[in-house]
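Student: Structure in structure tokens, see below.
The values are calculated or read from the model by the stated rules, or taken from the named source; none is laboratory data. Computed from a predicted model, the values in this text were never measured in an experiment. Ideal geometry is used to build each Cβ from the backbone, glycine not excepted, and the neighbour counts take in all protein chains shown. Side chains are part of the model used for accessible areas, which takes the heavy atoms of the whole protein and leaves out ligands, DNA and RNA. Shrake-Rupley method; radii C 1.70, N 1.55, O 1.52, S 1.80 Å.
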Amino acid sequence: MNWDRLTVPEQRRIQNEKLHRYLTEVIAPFSPYYKKLFAEHQIDPRRIKTVEDLRQLPFTSKADLLPTSEQPEKFREFIITPDLSVLKHRPRVIAETLLRGRSAVERRFEREYRPIFLTATTGRSSLPVAFAYTDHDMRNLRTSGARLIQTFGATTEMRGVNMFPYAPHLAFWQVVFAGLEFGMLLVSSGGGKVMGTDGNISLIEKIKPEALIGIPTFVYHVIREAHAQGHKWPQVTKLVLGGERSPQGIRRKMVGLLQQMGAGDVRVCGTYGFTEGRMAWGECPPPPGKWSGYHLFPDLGIFEVIDPETGDVKGEGEPGELVYTPLDARGTVVMRYRTGDYVDGGVTWEPCPYCGRTVPRIVGKIGRASNTKELQFGKLKGTLVNFDNLQQILDDTTEIGEWQLEIRKAHDDPHDVDELILHLAPANGANMEQLKEKVRTQFQTEVELTPNRIEVHSIDDMLKRIKLESSLKEIRVLDTRPKE
Ligand SMILES: [Zn+2]
């Protein structure tokens, strides 16, 4: 299907039809969780005919999936479990059985509904939750993968090295299936933990990929090391980043180093995805310093933007929390899922100014509400600090190689005030005194606070602090305060 050039009314019609069919034929009869929820709230899925009608459904959030003492395996309630006696009596299935025979139809049911694969949440803030995929979902994962590569503007002649950590996590597998479906050579290194930094560099030396794919901080680290070792990577034209935010500052640093390594025009494409959505969305290659937004797949799912306080649905282009509903999912399914991600530009249906695709796009910066912490600098009143803003400042400062923010109790006394310490390793040739002054000034102007101390380390010591090679997610904000 021509997924990316349909008019807005055509896309809306497809979404409305698919939503109605999905709710009445899959979710209401076969999802244990939503069957119960619809009964409790007296929701008749047959009356949900448009995307606007979706507002009748309550939200689902991470807390709904977590185990409780009564239900230690709560996530199982979200797995689509078909009732064969219902399925067999559908007119379409009766016709199919007559035509192809019973065992062929049973085999098709199995491929559609039996979980055969799973990825899990990374569980930094809570217990990991597993999300099951059936063969039907694997086909969708392949479809989203191929569309992602189209969005990045890559061709089948190009090669890529996938440096996402090898784990049952969406990012790694989305890339693997993207390459298989699109039909391009994509080699997975498994990331730093599997091959080490030098292993990744020598793999890139052998494969000579046009595209480097991975977590921004790790890709940056590999490029920096390869640059320091004097490698030349003139063939690199694309960086595809995911798993965490990739601010313009870190993008500029990576492109600058690659150009010193012989590369020409390098474009950076960010991606956005989350375990619960079981697919990812990407940017088309924007000119340097610009964002093109995450290009969505309107026939596979619906994004709403809501006011996080009231739950009201916001208008096009308005900021708020992203809420996701799939339109063609089996396995573990969450509807109207509150991602906890806030986007400042909302969702737009304007055609993309860079590639002309007519699909809706998530535009602006995405941040986590959980990245806001309360710090007790004085005895009386706490200060709310958004660590996304601090990360933005530090990533945008070219003279900083690596950094970490530490929150601790003054004098190691649990009853004392909080201290904010900035650990940093300067980039080559940076003047430390000027750099410290610059960071202090920027913190003061943009977030109205300054770190209590700035401690300088070597790059190697900093990498140990943030555990870039040994853990799946680097530790940028280290909170050592005793838990209440
Ligand atoms: Zn575009």
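Student: Using a basic spin-label model with each label point 7 Å from the Cα along Cα→Cβ, how many nm lie between Leu66 and Arg440?
Tutor: Result for the modelled spin labels: 4.0 nm.
Student: In degrees from 0 to 90, rounded to the nearest 10, what is the angle of the helix 8-22 Cα long axis to the longest principal axis of the chain?
Tutor: That works out to roughly 60 degrees.
Student: While we're looking at this one, here's another question. What's the magnitude of the charge dipole for the chain around its Cα centre, counting Lys and Arg as +1 and Asp and Glu as -1 at the beta-carbon? Answer in Debye, nearest 20.
Tutor: The dipole magnitude comes to about 1520 debye.
Student: How far, in nm, would the chain grow between Glu225 and Ser103 when pulled straight, counting 0.36 nm per residue and subtracting the alpha carbon separation?
Tutor: Answer, rounded to one decimal: 38.2 nm.
Student: Which one of Gln391, Gln376, Ala425 is farthest out on the positive end of the charge dipole of segment 370-479, using unit charges on Cβ (Lys, Arg +1; Asp, Glu -1) and the Cα centre as origin?
Tutor: Value: Gln376.
Student: Let me ask something else about it. What percent do you get for the relative contact order of segment 370-479 when only Cα pairs under 8 Å and 6+ apart count?
Tutor: Rounded, it is 26 percent for segment 370-479.
Student: Take every Cα pair under 8 Å in the chain that's 6+ residues apart, average their separations, divide by the length, and report that relative contact order as a whole percent.
Tutor: Across the chain, relative contact order equals 12 percent.
Student: Multiply the residue separation of Arg90 and Glu17 by 0.36 nm, subtract the distance between their alpha-carbon atoms, and state the gained length in nm to one decimal.
Tutor: That pair, Arg90 and Glu17, stretches by 24.4 nm at full extension.
Student: Dipole of segment 336-406, Cα-centred, from +1 at each Lys and Arg C-beta and -1 at each Asp and Glu C-beta, to the nearest 20 debye?
Tutor: Using only the charged Cβ atoms, the result is roughly 500 debye.
Student: How about Lys62: which lysines have a C-alpha closer than 16 Å to its C-alpha, ignoring those fewer than 8 places off in the same chain?
Tutor: Lys74
Student: Tally Lys/Arg at +1 and Asp/Glu at -1 over every other residue whose Cβ is under 10 Å from the Cβ of Leu170; what's the total?
Tutor: Spelling it out: positives minus negatives among the neighbours equals 0.
Student: Which is farthest toward the positive dipole end of the chain among Thr275, Pro82, Pro72, measuring Cα position about the Cα centre, with Cβ charges +1 (Lys, Arg) and -1 (Asp, Glu)?
Tutor: Towards the positive end, the residue furthest out is Pro82.
Student: Before rounding to the nearest 500, sum -39500 (n - 2.57) across all DSSP H runs of length at least 4 in the chain and divide by the residue total; then give [θ] at 222 nm in deg cm²/dmol.
Tutor: About -10500 deg cm²/dmol.
Student: May I pose another question? On alpha carbon coordinates alone, what is the Rg over Rh value for segment 370-479, Rh being the Kirkwood radius?
Tutor: Rounded to two decimals, Rg/Rh equals 0.96.
Student: Using the alpha-carbon atoms, what tilt in degrees (0 to 90, nearest 10) does helix 387-396 show relative to the longest principal axis of the chain?
Tutor: Roughly 60 degrees, rounded to the nearest 10.
Student: Given a 1.4 Å probe, how much area per residue of the chain is accessible, in Å²?
Tutor: I get 46 Å² per residue for the chain.
Student: Right, next: Would you mind getting the Kirkwood hydrodynamic radius of the chain from its Cα pairs, rounded to one decimal in Å?
Tutor: 24.3
Student: Calculate what fraction, in whole %, of the accessible area of the chain sits on carbon and sulfur atoms when a 1.4 Å probe is rolled over the protein chains.
Tutor: Here it works out to 52 percent.
Student: Could you compute the net charge surrounding Thr151? Neighbours are other residues with a C-beta less than 14 Å from the C-beta of Thr151; K and R count +1, D and E count -1.
Tutor: For residues surrounding Thr151, the net value is +3.
Student: Between Leu384 and Ala410, what is the spin-label point distance in nm, taking each point 7 Å from the Cα along the Cα→C-beta axis?
Tutor: A separation of 2.4 nm, rounded to one decimal place.
Student: Continuing with this model, one more query. Using a Cα-Cα cut-off of under 19 Å, which aspartates and glutamates could be cross-linked to Lys409, ignoring same-chain neighbours fewer than 8 residues away?
Tutor: Filter leaves Glu374, Asp418, Glu419, Glu455, Asp479, Glu484.
Student: Residues of segment 1-33 with the amide nitrogen closer than 18 Å to a label point 7 Å from the Cα of Tyr354, along Cα-to-Cβ, please.
Tutor: Within reach of a label on Tyr354, which here means backbone N under 18 Å from a point 7 Å along Cα→Cβ, segment 1-33 contributes 4-5.
Student: Order these peptides, 129-137, 57-65, by their mean beta-carbon neighbour count within 10 angstrom, highest first.
Tutor: Peptide ranking by packing, descending: 129-137, 57-65.
Student: On C-alpha positions alone, give me the angle between the axis of helix 170-182 and the longest principal axis of the chain, in degrees, nearest 10.
Tutor: Compared with the principal axis, the helix lies near 60 degrees.
Student: Let me ask you something else. Pull out the extension gain between Val8 and Thr50, defined as 0.36 nm times the separation in residues minus the alpha carbon to alpha carbon distance; nm, one decimal.
Tutor: 13.7 nm
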